[in-house]
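**Student:** Supplied in structure tokens, the structure appears directly below.
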Amino acid sequence: MIISDSDRRQFSRVSFSAKAEFHQGDYSWEGLVRDLSLQGLQTDLPDNQQLQPQKSVNGVIHLAKDTVIQMTLRLAHINGARMGFRCESIDLDSFSHLRHLIAMNLGDSLACEQELGQLISP
């Protein structure tokens, strides 16, 4: 898939490495999250890729033993050995963890709050 200029990222991407699980129907794989934003994530393309691009993917990012971020994702692009997902939905606890993680990595909580405002604006 190719992303047009109008679809380019509007949210800050932070480099991040964490183990994650991805599930789409009976197909599951584990991988590493390479970067995160308030709108999605990027991960490595699995070796035996059986992903159906038109269907949602459930992602679970492991932050700590009892702390995870759970998202419903949609494939946005595949670029070489990496694939990017756009977040379709996220629960409140997961969003709180994600927002905190982004703010810490940006080093600027105001920038994170501005992006949050963009995310929830109609």
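The values are calculated or read from the model by the stated rules, or taken from the named source; none is laboratory data. Source: prediction; values computed, not measured. Counting neighbours? That spans all protein chains shown, and the Cβs are built from the backbone with ideal geometry, glycine included. Side chains are part of the model used for accessible areas, which takes the heavy atoms of the whole protein and leaves out ligands, DNA and RNA. Shrake-Rupley method; radii C 1.70, N 1.55, O 1.52, S 1.80 Å.
**Student:** Could you list which residues have their amide H under 5 Å from that of LEU73, counting only those 5 or more apart in sequence or on another chain, with H placed in the peptide plane?
**Tutor:** For LEU73, the qualifying residues are VAL57, ASN58, GLY59, GLU88.
**Student:** Which residues' amide hydrogens lie under 5 Å from the amide hydrogen of GLY40, considering only partners 5 or more residues apart or on another chain, with H built in the peptide plane?
**Tutor:** CYS87
**Student:** Also, I was wondering about something else. Using a probe radius of 1.4 Å on heavy atoms only, what accessible surface per residue do you get for the range 40-104? Whole Å² is fine.
**Tutor:** Per-residue value: 56 Å².
**Student:** Can you tally the net charge around ASP47? Count Lys and Arg as +1, Asp and Glu as -1, for every other residue whose Cβ sits under 15 Å from the Cβ of ASP47.
**Tutor:** -1
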